[in-house]
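**Student:** I have a structure I would like to understand better, so I am pasting it below and will then ask my questions one at a time.
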Amino acid sequence: MIALFKIGFLPLRIWDVLDILIVAYLMYQIYRLLRGNIAFNILLGLLIFFVIYGIVNQLGMDLLAAVLGQFVSVGVIIIVIIFQQEIRRFLFYLGNSTLRQRSRFLRRILDRRPEASEGRERYLRLLKGGLLRLSRQKTGALVVLTKDIVMEEILATGVLLEAAMSEQILESIFNKFSPLHDGAVLIRRGRLMAAGCILPVSDNQELPQSAGLRHRAAVGVTERFDAAAFVVSEETGHIAFAYGGQLYPELGSEEVEAKLREHLM
(Lines give C-alpha, C1' and ligand atoms only; values in the text may rest on other atoms or scores of the structure.)
Protein backbone atom coordinates (compact mmCIF):
# COMPACT_ATOMS: atom_id res chain seq x y z
CA MET A 1 0.00 0.00 0.00
CA ILE A 2 1.20 3.50 -0.86
CA ALA A 3 2.40 5.51 2.12
CA LEU A 4 0.44 8.64 3.07
CA PHE A 5 3.61 10.49 4.02
CA LYS A 6 7.00 9.90 5.59
CA ILE A 7 8.39 10.82 8.99
CA GLY A 8 12.09 11.00 8.26
CA PHE A 9 12.92 7.70 6.56
CA LEU A 10 9.83 5.93 8.01
CA PRO A 11 6.84 5.61 5.63
CA LEU A 12 3.42 5.98 7.28
CA ARG A 13 0.44 4.13 5.78
CA ILE A 14 -3.25 4.64 6.52
CA TRP A 15 -3.24 1.29 8.37
CA ASP A 16 -0.44 2.56 10.61
CA VAL A 17 -2.55 5.60 11.53
CA LEU A 18 -5.54 3.34 12.22
CA ASP A 19 -3.34 1.02 14.29
CA ILE A 20 -2.13 3.93 16.44
CA LEU A 21 -5.68 5.25 16.94
CA ILE A 22 -7.02 1.83 18.00
CA VAL A 23 -4.19 1.25 20.47
CA ALA A 24 -4.64 4.79 21.87
CA TYR A 25 -8.39 4.19 22.29
CA LEU A 26 -7.82 0.87 24.08
CA MET A 27 -5.22 2.44 26.37
CA TYR A 28 -7.65 5.26 27.19
CA GLN A 29 -10.44 2.81 28.04
CA ILE A 30 -8.07 0.81 30.28
CA TYR A 31 -7.09 4.06 32.01
CA ARG A 32 -10.77 4.94 32.55
CA LEU A 33 -11.47 1.53 34.08
CA LEU A 34 -8.50 1.69 36.44
CA ARG A 35 -8.47 5.43 37.21
CA GLY A 36 -8.74 6.14 40.93
CA ASN A 37 -8.61 2.42 41.66
CA ILE A 38 -6.08 0.50 43.74
CA ALA A 39 -5.53 -1.64 40.64
CA PHE A 40 -4.06 1.41 38.89
CA ASN A 41 -1.28 1.60 41.48
CA ILE A 42 -0.64 -2.14 41.09
CA LEU A 43 -0.41 -1.70 37.31
CA LEU A 44 2.16 1.07 37.75
CA GLY A 45 4.15 -1.21 40.06
CA LEU A 46 4.14 -3.98 37.44
CA LEU A 47 5.25 -1.57 34.70
CA ILE A 48 8.13 -0.35 36.88
CA PHE A 49 9.06 -3.99 37.55
CA PHE A 50 9.22 -4.78 33.82
CA VAL A 51 11.27 -1.62 33.14
CA ILE A 52 13.77 -2.63 35.85
CA TYR A 53 13.98 -6.13 34.35
CA GLY A 54 14.72 -4.67 30.92
CA ILE A 55 17.45 -2.40 32.30
CA VAL A 56 19.04 -5.23 34.31
CA ASN A 57 18.95 -7.49 31.28
CA GLN A 58 20.61 -4.88 29.08
CA LEU A 59 23.35 -4.25 31.67
CA GLY A 60 24.23 -7.94 31.67
CA MET A 61 23.46 -8.52 35.37
CA ASP A 62 22.77 -12.19 34.72
CA LEU A 63 21.98 -13.37 38.26
CA LEU A 64 19.45 -10.62 39.00
CA ALA A 65 18.03 -10.91 35.49
CA ALA A 66 17.51 -14.65 36.01
CA VAL A 67 15.64 -14.05 39.28
CA LEU A 68 13.43 -11.32 37.81
CA GLY A 69 12.93 -13.38 34.67
CA GLN A 70 11.12 -16.06 36.67
CA PHE A 71 8.41 -13.52 37.48
CA VAL A 72 8.35 -12.07 33.96
CA SER A 73 7.83 -15.54 32.45
CA VAL A 74 4.53 -15.87 34.31
CA GLY A 75 3.67 -12.18 33.97
CA VAL A 76 0.53 -12.76 31.89
CA ILE A 77 -0.87 -15.22 34.46
CA ILE A 78 -0.09 -12.78 37.30
CA ILE A 79 -1.84 -9.95 35.45
CA VAL A 80 -4.94 -12.10 34.81
CA ILE A 81 -5.13 -13.12 38.49
CA ILE A 82 -4.64 -9.60 39.86
CA PHE A 83 -6.86 -7.82 37.35
CA GLN A 84 -9.58 -10.42 36.86
CA GLN A 85 -12.34 -8.00 37.92
CA GLU A 86 -10.99 -5.21 35.70
CA ILE A 87 -10.59 -7.58 32.72
CA ARG A 88 -14.14 -8.77 33.26
CA ARG A 89 -15.38 -5.16 33.32
CA PHE A 90 -13.41 -4.30 30.17
CA LEU A 91 -14.78 -7.28 28.21
CA PHE A 92 -18.26 -6.56 29.53
CA TYR A 93 -17.92 -2.95 28.35
CA LEU A 94 -16.93 -4.05 24.83
CA GLY A 95 -19.74 -6.59 24.55
CA ASN A 96 -22.31 -4.41 26.25
CA SER A 97 -21.77 -1.51 23.85
CA THR A 98 -23.16 -3.63 21.02
CA LEU A 99 -26.05 -4.94 23.12
CA ARG A 100 -26.89 -1.42 24.27
CA GLN A 101 -27.09 -0.12 20.70
CA ARG A 102 -29.37 -3.02 19.74
CA SER A 103 -31.53 -2.45 22.82
CA ARG A 104 -31.91 1.25 22.05
CA PHE A 105 -32.82 0.46 18.44
CA LEU A 106 -35.53 -2.00 19.53
CA ARG A 107 -36.78 0.38 22.22
CA ARG A 108 -37.18 3.19 19.67
CA ILE A 109 -39.35 0.88 17.58
CA LEU A 110 -41.42 -0.46 20.50
CA ASP A 111 -41.87 2.93 22.15
CA ARG A 112 -43.75 4.16 19.10
CA ARG A 113 -46.75 2.19 20.32
CA PRO A 114 -49.12 4.44 22.33
CA GLU A 115 -49.52 1.92 25.18
CA ALA A 116 -45.74 1.53 25.55
CA SER A 117 -45.21 5.29 25.65
CA GLU A 118 -48.02 5.82 28.21
CA GLY A 119 -46.71 3.02 30.44
CA ARG A 120 -43.19 4.44 30.37
CA GLU A 121 -44.40 7.95 31.24
CA ARG A 122 -46.46 6.62 34.15
CA TYR A 123 -43.48 4.62 35.42
CA LEU A 124 -41.25 7.69 35.09
CA ARG A 125 -43.69 9.88 37.07
CA LEU A 126 -44.04 7.31 39.86
CA LEU A 127 -40.30 6.79 40.25
CA LYS A 128 -39.49 10.50 40.06
CA GLY A 129 -42.23 11.26 42.58
CA GLY A 130 -40.95 8.54 44.92
CA LEU A 131 -37.36 9.84 44.79
CA LEU A 132 -38.40 13.46 45.38
CA ARG A 133 -40.66 12.38 48.24
CA LEU A 134 -37.83 10.50 49.92
CA SER A 135 -35.58 13.52 49.33
CA ARG A 136 -38.01 15.91 51.05
CA GLN A 137 -38.28 13.54 54.03
CA LYS A 138 -34.50 13.06 54.15
CA THR A 139 -35.00 9.32 54.01
CA GLY A 140 -31.85 7.49 52.89
CA ALA A 141 -32.44 5.37 49.81
CA LEU A 142 -30.59 3.46 47.10
CA VAL A 143 -32.46 2.60 43.90
CA VAL A 144 -30.84 0.64 41.07
CA LEU A 145 -32.27 0.56 37.55
CA THR A 146 -31.14 -2.64 35.86
CA LYS A 147 -31.02 -3.04 32.12
CA ASP A 148 -31.68 -6.20 30.09
CA ILE A 149 -29.10 -8.15 32.07
CA VAL A 150 -30.69 -9.65 35.18
CA MET A 151 -28.22 -9.37 38.06
CA GLU A 152 -28.84 -12.77 39.63
CA GLU A 153 -25.96 -12.55 42.10
CA ILE A 154 -27.31 -9.23 43.43
CA LEU A 155 -30.93 -10.41 43.47
CA ALA A 156 -29.91 -13.41 45.56
CA THR A 157 -28.75 -11.12 48.39
CA GLY A 158 -32.16 -9.44 48.81
CA VAL A 159 -35.84 -10.23 49.20
CA LEU A 160 -37.68 -10.89 45.94
CA LEU A 161 -40.76 -8.71 45.44
CA GLU A 162 -41.80 -8.74 41.76
CA ALA A 163 -44.19 -5.89 42.56
CA ALA A 164 -45.59 -3.08 40.45
CA MET A 165 -43.93 0.31 40.85
CA SER A 166 -45.48 2.41 43.63
CA GLU A 167 -44.40 5.50 45.57
CA GLN A 168 -45.92 4.07 48.75
CA ILE A 169 -44.04 0.76 48.47
CA LEU A 170 -40.79 2.60 47.80
CA GLU A 171 -41.36 4.83 50.83
CA SER A 172 -42.24 1.90 53.10
CA ILE A 173 -39.13 -0.06 52.05
CA PHE A 174 -36.77 2.78 52.98
CA ASN A 175 -38.56 3.72 56.17
CA LYS A 176 -35.94 3.58 58.92
CA PHE A 177 -38.03 1.01 60.83
CA SER A 178 -38.15 -1.33 57.84
CA PRO A 179 -35.77 -4.33 57.97
CA LEU A 180 -34.96 -3.72 54.28
CA HIS A 181 -34.09 -0.01 54.47
CA ASP A 182 -30.29 -0.50 54.56
CA GLY A 183 -30.15 -2.39 51.26
CA ALA A 184 -30.83 -1.41 47.67
CA VAL A 185 -34.00 -1.73 45.62
CA LEU A 186 -33.61 -3.23 42.15
CA ILE A 187 -36.07 -2.03 39.50
CA ARG A 188 -36.40 -3.50 36.02
CA ARG A 189 -38.93 -2.63 33.34
CA GLY A 190 -41.21 -0.79 35.75
CA ARG A 191 -41.28 -3.50 38.43
CA LEU A 192 -39.71 -3.66 41.87
CA MET A 193 -37.67 -6.83 41.50
CA ALA A 194 -36.09 -7.03 44.96
CA ALA A 195 -35.31 -5.02 48.10
CA GLY A 196 -32.62 -5.18 50.75
CA CYS A 197 -29.99 -6.11 48.16
CA ILE A 198 -26.29 -5.92 48.99
CA LEU A 199 -24.17 -4.16 46.36
CA PRO A 200 -20.41 -4.24 45.70
CA VAL A 201 -18.71 -1.16 47.16
CA SER A 202 -16.41 0.86 44.91
CA ASP A 203 -12.81 1.42 45.98
CA ASN A 204 -12.43 4.41 43.65
CA GLN A 205 -10.14 6.84 45.46
CA GLU A 206 -11.35 9.79 43.38
CA LEU A 207 -14.79 9.77 45.00
CA PRO A 208 -15.34 12.76 47.31
CA GLN A 209 -14.74 12.30 51.04
CA SER A 210 -18.41 13.09 51.65
CA ALA A 211 -19.48 9.99 49.70
CA GLY A 212 -20.95 7.54 52.19
CA LEU A 213 -21.48 3.79 51.93
CA ARG A 214 -24.66 4.17 49.86
CA HIS A 215 -22.89 6.39 47.34
CA ARG A 216 -19.93 4.00 47.08
CA ALA A 217 -22.30 1.07 46.63
CA ALA A 218 -24.14 2.96 43.87
CA VAL A 219 -20.85 3.58 42.06
CA GLY A 220 -19.71 0.00 42.69
CA VAL A 221 -22.76 -1.62 41.09
CA THR A 222 -22.46 0.60 38.00
CA GLU A 223 -18.79 -0.36 37.68
CA ARG A 224 -19.64 -4.07 37.46
CA PHE A 225 -23.03 -4.04 35.71
CA ASP A 226 -24.86 -2.11 33.02
CA ALA A 227 -27.05 -0.34 35.56
CA ALA A 228 -27.86 3.14 36.83
CA ALA A 229 -28.38 4.08 40.48
CA PHE A 230 -30.04 6.90 42.41
CA VAL A 231 -29.01 7.71 45.98
CA VAL A 232 -30.94 9.82 48.47
CA SER A 233 -28.76 11.17 51.25
CA GLU A 234 -30.10 10.62 54.77
CA GLU A 235 -28.21 13.67 56.06
CA THR A 236 -28.97 16.29 53.41
CA GLY A 237 -31.81 14.81 51.34
CA HIS A 238 -29.79 15.46 48.16
CA ILE A 239 -30.29 13.07 45.26
CA ALA A 240 -27.15 11.72 43.58
CA PHE A 241 -26.85 9.60 40.44
CA ALA A 242 -24.28 6.97 39.46
CA TYR A 243 -23.61 5.45 36.05
CA GLY A 244 -20.57 3.86 34.44
CA GLY A 245 -18.57 4.20 37.64
CA GLN A 246 -19.14 7.98 37.77
CA LEU A 247 -20.99 9.85 40.52
CA TYR A 248 -23.14 12.92 39.83
CA PRO A 249 -24.08 14.61 43.14
CA GLU A 250 -26.96 16.91 44.05
CA LEU A 251 -29.38 16.54 41.15
CA GLY A 252 -32.34 18.89 40.89
CA SER A 253 -35.86 17.82 39.95
CA GLU A 254 -35.32 18.43 36.22
CA GLU A 255 -31.98 16.61 36.27
CA VAL A 256 -33.58 13.61 37.99
CA GLU A 257 -36.22 13.45 35.26
CA ALA A 258 -33.58 13.78 32.53
CA LYS A 259 -31.54 10.90 33.98
CA LEU A 260 -34.67 8.76 34.33
CA ARG A 261 -35.63 9.38 30.70
CA GLU A 262 -32.13 8.45 29.60
CA HIS A 263 -31.81 5.23 31.59
CA LEU A 264 -35.31 3.83 32.07
CA MET A 265 -35.93 0.45 30.49
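**Student:** Which pairs turn up if I take residues in region 216-228 that are in the same structural domain as Asp182 (by TED's automatic domain parsing) and without any contact (Cβ under 8 Å) to a residue 60 or more places away in the chain and look for partners that are in a strand (DSSP E or B) and crowded, with 24+ Cβ neighbours inside 10 Å with beta carbon separation below 6 Å, at least 6 apart in sequence or on another chain?
**Tutor:** Val219/Ala242; Thr222/Ala229; Thr222/Ala242
**Student:** For Leu145, only one of the following conditions fails: (1) without any contact (Cβ under 8 Å) to a residue 24 or more places away in the chain; (2) within 20 Å of the chain's Cα centre (by Cα). What is its number?
**Tutor:** Here Leu145 meets the rest and fails (1).
**Student:** What number of residues within region 179-192 satisfy the criterion of being within 14 Å of Leu142 (Cβ to Cβ) and surrounded by 15 or more Cβ atoms within 10 Å (Cβ to Cβ)?
**Tutor:** Residues that pass the stated criteria total 8.
**Student:** Within region 128-149, can one find any residue that is at pLDDT below 85, in the same structural domain as Ala195 (by TED's automatic domain parsing), in contact with a Leu (Cβ under 9 Å, 6 or more places away or on another chain) and aliphatic (A, V, I, L, M)?
**Tutor:** Scanning region 128-149 turns up at least one residue that is at pLDDT below 85, in the same structural domain as Ala195 (by TED's automatic domain parsing), in contact with a Leu (Cβ under 9 Å, 6 or more places away or on another chain) and aliphatic (A, V, I, L, M).
**Student:** Being of a type in the set (Val, Ile, Thr), in a helix (DSSP H, G or I) and within 25 Å of Ile30 (Cβ to Cβ) is the filter here, so list the residues in region 49-84 that pass it.
**Tutor:** Passing the criteria: Val51, Ile52, Ile55, Val72, Val76, Ile77, Ile78, Ile79, Val80, Ile81, Ile82.
**Student:** Within region 148-180, work out how many residues are in contact (Cβ under 8 Å) with a residue 12 or more places away in the chain, over 23 Å from the mean Cα position of the chain (by Cα) and in a helix (DSSP H, G or I).
**Tutor:** Of the residues in that region, 5 qualify.
The values are calculated or read from the model by the stated rules, or taken from the named source; none is laboratory data. The structure displayed is predicted, hence computed values, not measured ones. No Cβ is skipped: glycine too gets one built from the backbone with ideal geometry, and neighbour counts run over all protein chains shown.
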